[in-house]
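Everything below concerns the one structure shown next.
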Amino acid sequence: MRELVAELESRAATSAAGGDAVIAVDADGEHSLGELLRAADELSTAVREAAGPHATILVQADNSWRTVVAALAAGKLDGTIGLLSHHATRAECDAACEDIDPAVVIASPECLGEWLPDSDGRQVLDGWGSRTRTARPGPRWNGGVVIGLTSGSTGRAKGVVQSETALRYAGQSTIDAVGLAPGDSVAALVPLSSAAAFCFGLYLPLMLGGRIVFLDRWHPPTALRLMAEHDVRWTMCVPTMALQLASAVESDLPLRDVRAMTIGGGPMEEAALARAEERLGTRILRVFGMSECLGHTSPRLDDPDETRLGTDGRPFPGTDLRVVDLDGAPVPAAEVGRAQVRGPSLFLGYARSGTVEAPELTPDGYFPTGDLMSIRADGVVSVRGREKDVIIRGGRNIDIVEVETALASHPAVEQLCIVPVPDELLGERVAALVVTPDAGFDLDTATAYLDQRGLMKGKWPEYLFRVGELPLNRVGKLSRADAARMARELSERSAV
């Protein structure tokens, strides 16, 4: 973070507004550049006294000025910031401390009381507390400046270690793709506890020199109001959040002044995104990326609708994507295979026992993402789901994304999730959770529509449940595990 800190200090010293320029807006009000730099000086001094230089700071990463200050303080120390959600349990904090081995933990009194109840510390950041731990001194992350936790297939969150070079590359590539200008304001809607959210919700807008408009708790009407009030030009969020924003629209084209909204991190369907775009009054850019390789594809604003909404765009300049078969051989253009990526935003590795565990790469340096993907001859990318996103019904694999894509194009469907429900005879059956204003939308309506679309009958849902909203995880993405649990409980009730 040293490069960003140097830029901000130079801006405060030489720009016309100097340190008085407002760079963050949150639930506490407006915060100037000078104010946050002074707070970062105070925090870095306190951490240096307690733990020395190059410290690793684990912070409760709320969408607020405090996360900005913690990041800048880490930069002043030539240290590293680890990100932890305020939703984390004590066990999750223990696991994070085991993997990240922070010298200091900074959080609200409520979270510290839950996470580290028997430790003493000092007050920092206007009422928050810090707890000093015995940790290995000195730099130890191979140039990593931020560690964000991401869900792992083992059920234990993985600490993704990213460098400042990766943050700058992904941020600048996004700025170029969207056509953002210096001083443009950005809304941070997604919780900052992942490396990707930190990059696009904090680092990018600080690079750009405009305001970060923070939303501390997800509430679509509030998000729409804040973006309009503060002249936001761009934001990034997950598909469910974008669709909920569209559902919350009460005025004509509320985001007409937003240059673009970038959508990634979940299944997306062209017709649903087109309806959301029309209601919101902005342009949607459907993208693909992950914390391990930050935001590495995007369409451009002048791309046709089919590319912007129906595909995931093209790789950033300098990023290489390829699609291979089970044996690792490249597949022909437009055919579906397993995605592999390499490029400047590829992560350094996972945090394990206080050090970087290098990622498992192919011999030529590609990272297998775990996604199914196709790449057209012109380089346009389409993600076709996760390798494990299948329902096994009577021994037949059913592609969840294929069913979702077909059903989500129905004009009455606002949000949708296809999940398995257990079945003694077939192992799993297909269930649809649907958010729709149409009280008459039922299983017969859905299957008749899928029949018209030509989807094979064996892939049709056998359960359909209308729900008020889909379950989300802590970073605002669709939680398939919770959705599957919801469908299972609803199916059990319907059987009584």
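Rounded to whole numbers, the Karplus 3J(HN,Hα) couplings from phi for segment 99-110 are 7, 8, 6, x, 7, 9, 10, 10, 6, 5, x, 5 Hz, using 6.51 cos²θ - 1.76 cosθ + 1.60 with θ = phi - 60°, and x at Gly and Pro.
Ordered from longest to shortest, the equivalent ellipsoid semi-axes for segment 8-62 are 24, 16, 8 Å, each the square root of 5 times a Cα gyration tensor eigenvalue. Taking a Cβ cut-off of under 13 Å around Asp231, the surrounding Lys, Arg, Asp and Glu residues balance to a net charge of +2, with basic ones at +1 and acidic ones at -1. Around the amide H of Leu472, modelled in the peptide plane, lie the amide H atoms of Ser479, all under 5 Å away and 5 or more residues distant in sequence or on another chain.
Among beta bridges identified by DSSP and lying wholly in the chain, the antiparallel ones come to about 65 percent.
Annotation: extensible slack from Ala50 through Arg38 equals 2.4 nm (criterion: 0.36 nm per residue apart, minus Cα-Cα distance). Could you work out the relative contact order of the chain, using alpha carbon pairs under 8 angstrom and six or more residues apart, expressed as a whole percent? Taking the mean separation of contacting Cα pairs over the length of the chain, I get 11 percent. Comparing Leu455, Phe367, Leu443 along the charge dipole axis of the chain, the residue lying farthest to the positive side is Phe367, per the Cβ-charge model.
The simple Förster model, with R0 at 56 Å and r as the Cβ-Cβ distance, assigns Ala181 and Glu492 a FRET efficiency of 0.55.
Segment 394-442 and segment 245-321 have their alpha-carbon centroids 23 Å apart. Three semi-axes describe the equivalent ellipsoid of the chain; taken as square roots of 5 times the Cα gyration tensor eigenvalues and ordered largest first, they are 38, 25, 23 Å.
Within 9 Å, Cβ to Cβ, of Gln244, how many net charges do the neighbouring residues add up to if Lys/Arg are +1 and Asp/Glu are -1?
Cβ neighbours under 9 Å give a net charge of -2.
For the chain, the solvent-accessible area of protein heavy atoms averages 41 Å² per residue (probe radius 1.4 Å; ligands and nucleic acids excluded). Placing +1 on the Cβ of every Lys and Arg and -1 on the Cβ of every Asp and Glu, with no other charges, gives the chain a dipole of roughly 540 debye about its Cα centre. Modelled this way, with points 7 Å down the Cα-to-C-beta line, the labels at Ser108 and Leu361 are 4.0 nm from one another. Taking all protein chains as they are arranged and a probe of 1.4 Å, the heavy atoms of Trp128 leave approximately 20 Å² accessible to solvent. Computed extension length for Ala271-Leu425: 51.9 nm, one decimal, from 0.36 nm per residue of separation with the Cα-Cα distance subtracted.
How large is log10 I(q)/I(0) at q = 0.17, 0.22, 0.24 Å⁻¹ when the Debye formula is applied to the Cα atoms of segment 18-102, each weighted equally and without solvent? Summing over Cα pairs of segment 18-102 leads to -0.73, -1.04, -1.14. Take each peptide in 437-443, 449-455, 181-187, count the other Cβ atoms within 10 Å of every residue, and average; sorted highest first, the result is 181-187, 449-455, 437-443.
Placing unit charges on the Cβ atoms only, positive for Lys and Arg and negative for Asp and Glu, gives segment 345-424 a dipole magnitude near 60 debye about its Cα centre. For the chain, adding -39500 (n - 2.57) for each run of n ≥ 4 DSSP H residues and dividing by the number of residues yields -9500 deg cm²/dmol at 222 nm. Computed from the C-beta positions of Ile392 and Ala329, the FRET efficiency with R₀ = 22 Å rounds to 0.25. Based on Cα contacts under 8 Å between residues 6+ apart, segment 352-444 shows a relative contact order of 18 percent. Taking Cβ atoms as reference points and 9 Å as the exclusive limit, the residues near Leu407 contribute a net charge of -1, counting Lys and Arg as +1 and Asp and Glu as -1. Peptides 344-353, 287-296 ranked from most to least packed give 287-296, 344-353, packing being the mean of other C-beta atoms within 10 angstrom over each peptide's residues.
The calculated FRET efficiency for the pair Thr445 and His87, based on their C-beta separation and a Förster distance of 45 Å, comes to about 0.80.
State the percentage of accessible surface on the chain attributable to carbon and sulfur atoms; use a 1.4 Å probe and exclude ligands, DNA and RNA. For the chain, the apolar C and S fraction of the accessible surface comes to 48 percent.
The values are calculated or read from the model by the stated rules, or taken from the named source; none is laboratory data. No experiment lies behind these values; they were computed from the predicted model shown. Neighbour counts run over all protein chains shown; Cβ positions are idealised from the backbone, glycine included. Remember, those area values only see protein heavy atoms, side chains included, never the ligands or the DNA or RNA. Shrake-Rupley method; radii C 1.70, N 1.55, O 1.52, S 1.80 Å.
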